[in-house]
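Single-structure report; data block below.
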């Protein structure tokens, strides 16, 4: 049984509370937010105690691990406190928006030898995990290309965009992590082209909403990522891997598996699952399950601070490539 | 909050206990089995108390409803006890293997005015429910044909076959209920052709394992059902409805949505979900949820004793048609 | 080079003229129709000479084979003339609507030892031929079930219906032939249920437009055929075969392979190929090609008078089953 | 009736001869090749006369148009001769490998006012043409992204590679033309990353076999192209367009539409059509048909010298981008 406290009480906090509550090997001990009523909203719903600070939490209860899903700019301070207290950490992505601060996080975690996992939940999606396993088993021979399509159903509010660290650190970072994980490599060259085609407000906020990124791996493997903030037909999440022996492709998910043929069209299907909470529900459960089992078995989590740092470094290079109009060598 | 007791502690009992335990509006009070250790196995796992009889259960606890998933030949006696006690009943299909005894059940239920639901769970599958809703909304115009494919991944043990009441009362009965529910009609003519092609032991036990049934509805709508005890590629469950304005088709379900293309074949996908517990997991949850909400709102359950009787009558006619080699008029 | 004359100058005559004209091993010598201007319409378009009678044709030209696609009730007389003249015959289905007259045709053909092929073109469709080849090769183990869906895009004119010999002899006969060919068996039991749901005029003409047929083969293999005179989404032609080792399914054909996803629906595709001339274009070409190569190599055609007789016998049994409301033993 | 002569007698020459021979509005007058026996091989097969030079051809026969599918380095000289003679020209892509020489071709064609079409056959594929028409009609709203996948079934011989002008001018040029045609725009920025992963020999010949290209259009629309010289599952040709109102995707083509489900995999399909001659057969026929009808109606061909020049310019920029490791502004 792992006893959890949780930093942050937004959408991700709510999700993690739900999952912990359902997991028979986890217990929700406390939710921490300097804005105590916000923390209380979650504990009223899921149990545990609300605390205004980590110190309060430590004084009142015994915890094993902290989930960090507070705003990104608070991560470093929280990681500092938690790692000094010797507790395990599951930190939402990105760890931070600055590589220097990420390096400080890594130094803290390593100095205090606390287990650390970064929340790249998509690795734990059963279909994506199966794809990667089959690549590793050689089911498509030698890997040549990876293509990732990741399009949101609708753009977030402009206030979210403004605090997000930009499209690449907020969203492309997931695809970057998957590209690295699937290929087993770290890019040597990054090129990004992007536009603002979905919502002018995003452009005014200094961000883009439509992007294509090319990663070149040391082996010569090429990766393509395309992102859009708005796909009217649902949350479009596909991966295609192509190799000397063939191809693997994931399919999008729907709640209703029904096709309709009429005098206008044939085989028309319902919209895709509409949001990441729905589409990736299983992945978050699996992520927590693996975190728990890694703590219980003393095996380091499979996705760690170095993975978090690497994906951030590449995401930052996407932004730089876009600004400078050139490929960035890493 | 509905307080449940449950009769029977086999596979279906285990499933219902799981679902009740997870449902925030339900409480598992007791499991009843004359073989007390078998009941205790479930209560050890899911909570509640084990009882050897319904009387014991009533003496020790306050219940609102009983779930009947004991062997079919015990249903009448249990329904008699529970309805006399004035408790609501959710009874697994078939209610009984004899129409006369089903009529006795119906008489008891109606005399004591207890809410009664029969466990035709497939109606509650989100995809099948959506298909039926779209038929009702006229999305394919006037209905002409219904085609149901229902093939098990593997035959049950011969002992199960021997006690099952035969393939039609055990399995086809689900498809018959769906055909009636989707068309909103009761067949006037039933024809069944069948063989034993999967397992000789099934034939020796006097049953068939491969069957095709044609139902004709009063409106002229035609229904086809095909059943097999063994589909090596998984649990094959498909419905196609065809009308003056088009067609609706359900797709089979897989856990992993991945396709593989090689020099041998393209777009190959993993096997289908392998068993009814997996494939119809959501439907059982929805069934219990509707049962609870019907009790809480005093609205009669949408699938009742008459539905159970009708499906049995048609299933028995399938057997008669096969034995006599002719269409049976109903 | 095979020199052809052709009886009949309707839609099928036009199609066969086209195919013969394109085939480098065939020559269109004459088109025969007592209504000479009708024959001339074809020869003006495709070449060859128009004749009012077979005798005229024989006097003026040297022919190797006759294609018979005149009205069904003229087949016997034509087969009689052509077989006496010792020429090969490709006869459209059905050979005749009466088994007695078909037997006379067979006797003539066998007496005069002329090569005879019946126009079950669907056997020559590349996809259907591949399906049957894979069944024969054991790709799905021991065969258990065959399901054939055959739905026209729109009903023919009532005048066509009136002269068609009824839905089973006109249309189901194709599916019956495929069922026999794929299973390698001849049914021992036939049951048909049918309605008039598409067009009242068809019912007034004494025919049905919506039908389901079950065939039982000596081995116990079960076949289902469903037919409709009107599928608004196009010409729906599917075959599914199911066996101890798996399943094969054919897919419908479209001219444009494009899918459309919007805020209303996903993966919507264009309508199916709309008519048999389009859908089965390749099959007719292959049929003629095989007929020619069988004549050139002196190997009897793969689909002969016995196949034509068998399919008719089963089609007639469908009608009898419908009229008498019982299964017909063959 | 258009009277054609044809320069070159390789694979493309054979294909064009076939198509012209089948087209009722075209006549094959002559095949021109300084290597006369090579030209004779085609005329023996398809008719017409073999000539060693265009002058010979003009002296002996009256022609309306020339098809130029000789080696690329001969195009300029041939275009010079044919345009001076005032005949229409259908020229295979690329017009030339040098922009300067392409400009000379354009000058000649415009000076002599001869109709000129460049052989971007893929625009005439019915599925691709339908996709573009639906984009133009606004079926996916405002266009945001275009993704083109174009992978050959197997690499050509090294000798072909050596004379091909490189992967981008030989192959990517088709995808570039489609991207420009579908978007109605000309790229302002080109970035290409590429590797040699398929065949070391290609790398030794100074070329690449695996490439990803990003095009940015003036409107901000982004295009991705991925190319590989070897897809073991067949000729992989897909286009996806994504916009504010939805998405259109083309599907790959197969000769046999059959899916196979077993205990190992479900829905496995045959390999894709294996080569461009098969996959794009219809497109070549349509291309010739449009060329003929443009000549007969005096409407300029829809794909002209400027399209040929633009695609080459972008293809050359791909190579430059790869060599210099940066985005090229156009």
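The values are calculated or read from the model by the stated rules, or taken from the named source; none is laboratory data. Every value quoted in this text rests on a predicted model; they were computed, and no experiment measured them. Note that we place each Cβ from the backbone using ideal geometry, even for glycine, and neighbour counts take in every protein chain shown.
Test each condition in (1) crowded, with 20+ Cβ neighbours inside 10 Å; (2) at the interface with another protein chain (Cβ under 7 Å from one of its Cβ atoms) for residue B:287 and report the one that comes out false.
Looking at each condition in turn, residue B:287 falls short on (2).
Only one residue in B:185, B:137 is free of Cβ contacts under 8 Å to residues at least 24 places away in the same chain and under 28 Å from residue B:244 (Cβ atoms), so which one is that?
B:137
Within region C:242-254, is even one residue surrounded by fewer than 21 Cβ atoms within 10 Å (Cβ to Cβ), away from chain B (no Cβ under 14 Å), more than 19 Å from the chain's Cα centre (by Cα) and modelled with pLDDT of 95 or more?
Within region C:242-254 (the criterion being surrounded by fewer than 21 Cβ atoms within 10 Å (Cβ to Cβ), away from chain B (no Cβ under 14 Å), more than 19 Å from the chain's Cα centre (by Cα) and modelled with pLDDT of 95 or more), the answer is yes, since at least one residue qualifies.
Return yes when residue A:257 is free of Cβ contacts under 8 Å to residues at least 24 places away in the same chain and either at the interface with another protein chain (Cβ under 8 Å from one of its Cβ atoms) or within 28 Å of residue A:208 (Cβ to Cβ) (or both) and no when it is not.
It is true that residue A:257 is free of Cβ contacts under 8 Å to residues at least 24 places away in the same chain and either at the interface with another protein chain (Cβ under 8 Å from one of its Cβ atoms) or within 28 Å of residue A:208 (Cβ to Cβ) (or both).
What number of residues in region B:139-173 are within 14 Å of chain C (Cβ to nearest Cβ) and either closer than 29 Å to residue D:262 by Cβ or under 16 Å from the mean Cα position of the chain (by Cα) (or both)?
Total meeting the criteria: 13.
What is the one condition in (1) within 28 Å of residue B:265 (Cα to Cα); (2) over 21 Å from the mean Cα position of the chain (by Cα) that residue D:218 does not satisfy?
Of the numbered conditions (1) within 28 Å of residue B:265 (Cα to Cα); (2) over 21 Å from the mean Cα position of the chain (by Cα), the odd one out for residue D:218 is (1).
Within region C:274-295, can one find any residue that is over 30 Å from residue C:79 (Cβ atoms), in contact (Cβ under 8 Å) with a residue 60 or more places away in the chain and not assigned by TED's automatic domain parsing to the domain that holds residue C:109?
Looking for residues that are over 30 Å from residue C:79 (Cβ atoms), in contact (Cβ under 8 Å) with a residue 60 or more places away in the chain and not assigned by TED's automatic domain parsing to the domain that holds residue C:109, one finds at least one in region C:274-295, hence yes.
Here is a list: C:95, C:63, C:89, C:78. Which entry is assigned to a loop (DSSP other than H, G, I, E, B) and under 17 Å from residue C:12 (Cα atoms)?
After ruling out the rest, the residue left standing is C:95.
Looking at (1) outside the structural domain of residue D:324 (by TED's automatic domain parsing); (2) crowded, with 18+ Cβ neighbours inside 10 Å; (3) under 28 Å from residue D:207 (Cβ atoms), can you tell me which one residue D:103 breaks?
So residue D:103 meets the others, but not (2).
Examine region B:272-283 for a residue that is within 14 Å of chain D (Cβ to nearest Cβ), within 24 Å of residue B:148 (Cα to Cα) and surrounded by 22 or more Cβ atoms within 10 Å (Cβ to Cβ), and state whether such a residue exists.
Checked region B:272-283: at least one residue is within 14 Å of chain D (Cβ to nearest Cβ), within 24 Å of residue B:148 (Cα to Cα) and surrounded by 22 or more Cβ atoms within 10 Å (Cβ to Cβ).
Scan the helices (runs of 4 or more DSSP H) fully inside region A:128-226 and keep the ones with 2 or more residues being closer than 20 Å to residue D:227 by Cβ and assigned by TED's automatic domain parsing to the domain that holds residue A:273.
A:173-183
Answer yes or no as to whether residue A:225 is under 20 Å from residue D:191 (Cβ atoms), away from chain D (no Cβ under 14 Å) and buried (at least 23 other Cβ atoms within 10 Å of the Cβ).
no
Output the number of residues of region C:20-53 satisfying the condition of being under 24 Å from the mean Cα position of the chain (by Cα) and in a helix (DSSP H, G or I).
Number of matching residues: 7.
Is region D:248-266 home to any residue that is part of a helix (DSSP H, G or I) and touching a helix residue (DSSP H, G or I) at 6+ places or on another chain (Cβ under 8 Å)?
No, that holds for no residue.
Check B:325, B:234 and return the single one that is surrounded by fewer than 18 Cβ atoms within 10 Å (Cβ to Cβ) and at the interface with another protein chain (Cβ under 9 Å from one of its Cβ atoms).
B:325
Of all the residues that make up region C:64-100, how many are closer than 18 Å to residue C:39 by Cα, crowded, with 20+ Cβ neighbours inside 10 Å and out of contact with any strand residue (DSSP E or B) (no Cβ under 9 Å at 6 or more places or on another chain)?
Qualifying residue count, region C:64-100: 1.
Say whether the condition of being within 30 Å of residue D:255 (Cα to Cα), at pLDDT 95 or above and surrounded by 23 or more Cβ atoms within 10 Å (Cβ to Cβ) is met by at least one residue in region C:110-117.
Yes, the conditions are met somewhere in region C:110-117.
Given the conditions (1) on the phi < 0 side of the Ramachandran plot; (2) out of contact with any strand residue (DSSP E or B) (no Cβ under 6 Å at 6 or more places or on another chain); (3) surrounded by fewer than 24 Cβ atoms within 10 Å (Cβ to Cβ); (4) away from chain D (no Cβ under 14 Å), and given that residue A:184 satisfies all but one, which numbered condition is not satisfied?
(1)
Tell me which of these residue D:303 doesn't satisfy, since it passes every other one: (1) within 14 Å of chain A (Cβ to nearest Cβ); (2) crowded, with 23+ Cβ neighbours inside 10 Å; (3) part of a loop (DSSP other than H, G, I, E, B).
(1)
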